[in-house]
1. Output the helices (runs of 4 or more DSSP H) that fall wholly within the stretch 288-376 and possess 1 or more residues being more than 60 Å from the chain's Cα centre (by Cα) and among the aliphatic types (A, V, I, L, M), or say none.
2. Consider the stretch 204-237. How many of its residues are within 15 Å of Ile297 (Cα to Cα) and of a type in the set (Lys, Arg)?
3. Out of Leu227, Leu251, which single residue is touching a Gly at 6+ places or on another chain (Cβ under 9 Å) and not charged (D, E, K, R)?
4. Which residue out of Ala61, Ala51, Ala57, Ala45 is touching a helix residue (DSSP H, G or I) at 6+ places or on another chain (Cβ under 9 Å), among the aliphatic types (A, V, I, L, M) and either open to solvent by less than 100 Å² (accessible area, probe 1.4 Å) or modelled with pLDDT under 95 (or both)?
5. Test Arg298 against the criterion of being at pLDDT 90 or above, among the charged types (D, E, K, R), farther than 23 Å from Met225 by Cβ and surrounded by 15 or more Cβ atoms within 10 Å (Cβ to Cβ), and give yes or no.
6. If a residue has to be open to solvent by 60 Å² or more (accessible area, probe 1.4 Å) and either within 23 Å of Lys260 (Cα to Cα) or without any contact (Cβ under 8 Å) to a residue 12 or more places away in the chain (or both) to count, how many in the stretch 329-350 make the cut?
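The values are calculated or read from the model by the stated rules, or taken from the named source; none is laboratory data. Keep in mind that this is a model prediction, so the values were computed, not measured. Ideal geometry is used to build each Cβ from the backbone, glycine not excepted, and the neighbour counts take in all protein chains shown. Quick note on the areas: whole protein, heavy atoms, side chains included, nothing else; ligands and nucleic acids left out. Shrake-Rupley method; radii C 1.70, N 1.55, O 1.52, S 1.80 Å.
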Amino acid sequence: MGCGASAPKPETPAGNEKKLADAKAAPKPDDAEKDREAAADGKQAAKEKEAAEKAAAEKEAAEKKAAADKKAAAEKKAAAEKKAAADKASAEKAAADKAAAEKAAAEEAAQKKAEEEKAAAEKAAAEKTAAEKAAAEKEAAEEKAAAEKAAAEKAAAEKAAAEKEAAEKKAAEEKAAAEKAAAEEAKAKEEEDVGPKPVEKDVEWAKVNEKLPFERDEKSKARRMKLFDRFDNGNGRLSYTEVESGIRHVLELDKVLDCKKVIKLSYQVAKCKAKQNAKTSDDFVERREFRYLLLCIRQYLEYWVMFDSMDTDGDERLGLREFRAATELMAKWGVKVDDAEKTFKEIDESGGGKILFREFAQWALTKSLDLEVEDD
C-alpha cells in the first residue's frame, strides 16, 4: 500500500455473514469455480483482516505515542513547575537571607550608634557634673571669702558703733544727769511758789441733789420719770444732745463751772453699763438707765470740782507737778499719796504724761475720794 492510499476497511462479521448468505443463495458453480472463488474470498478475507489488524496496531501505536507524548509533556511541565518553584523558593530564601543579613547589619549599626551616643552622653554628663562641681566649689569658696570679709567688716563696724554708742551714751547720761539736776532744782523752786487752787466753786450741793433725783424711793422715782419726759423729744429715749442740754438747764451751773466733760463721761459710763442688757440701745439712754446716769453725774460732778482745783494751768489735764502739789488736798479727800510719781504713772493709763479727767475719775472711784461737802 502506498503512502497516499487508504487502508481497506475491514469488514464486520455482519458483512461476512451477508456474503455467505448471498453465496448460498447464488446458483452453485462448478467445484473448481467454487474452489477459486473460495480461494479468492479467503485471500480477500485475509487481506482485509491484515489491514484491520494493521489499522488497529497503528491506532494503538498512535494512542500509545499520544499518551506517551502527553505523559512526557506533563512530566516536562511538572519538572518545569518544580524547577520554577525551587528557583522561586531559592530566590525567596536568598532574598530573606539578604534581608536578615541587612537587618542584622542595621541592628548592629544601630546598637553601635546607640552605644556610641550613650558613651558620648555619659561623657558629656560627666564633664557637665565635673564643671558644675568645679563651679559650685568656686562659688562656695567665693561666698566663704565674701562672708569672711563681710563678717570682718561687720565686726569692725559693730566695734566702731559700740564704741561710738558707748561714747554717746556716756555723753547722754552726763547730759541727762545735768538736766535732771537742773529740773529738780527748778521743780523745787516751782513747788515753793505753786500750789493747788483753793476749792472755791460755789456749788450748792443740796440743790444739786434735789435736781438730780437718783434715789430709789417712790418720790424720787416719780420726779425722775417726770424729768425724763421733760428731756425726751417724744421717742421714749434720750440722745447725748438731749441729756447735755437738759442737765445743763436743770443744774444751772454754767456760771460756776463747765459741766460738759462730766455729762459726757457720765453718759458713756451709763451706756457701757447698759450694754450688759441686750434690750437696750447702744446709742441712747432709756428709762431703765436714767437713774444710773443721774447718779454718775452727781458723783463725777464732785470729782470734776476736785480735778479743776488741781488743774492750776487750766488746760483740763494734770501734770506731775500739779499732781504732786495736790497731795495734801487728796489726803483731805480720803487718800494718802506717798509716792506721787508712782501714783501719777498708775493713773496715766495712756502714758501721755498727763492725767485726763476720765482717768482721774476712774482712780477716784477706786479710792472712794470724797469732797466732804455739806450736801444735806
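1. Where helices (runs of 4 or more DSSP H) fall fully within the stretch 288-376 and carry at least 1 residues being more than 60 Å from the chain's Cα centre (by Cα) and among the aliphatic types (A, V, I, L, M), they are 320-325, 327-333.
2. So the answer is 3.
3. After ruling out the rest, the residue left standing is Leu227.
4. Ala45
5. Considered against the rule, which asks whether it is at pLDDT 90 or above, among the charged types (D, E, K, R), farther than 23 Å from Met225 by Cβ and surrounded by 15 or more Cβ atoms within 10 Å (Cβ to Cβ), Arg298 comes out as no.
6. 7
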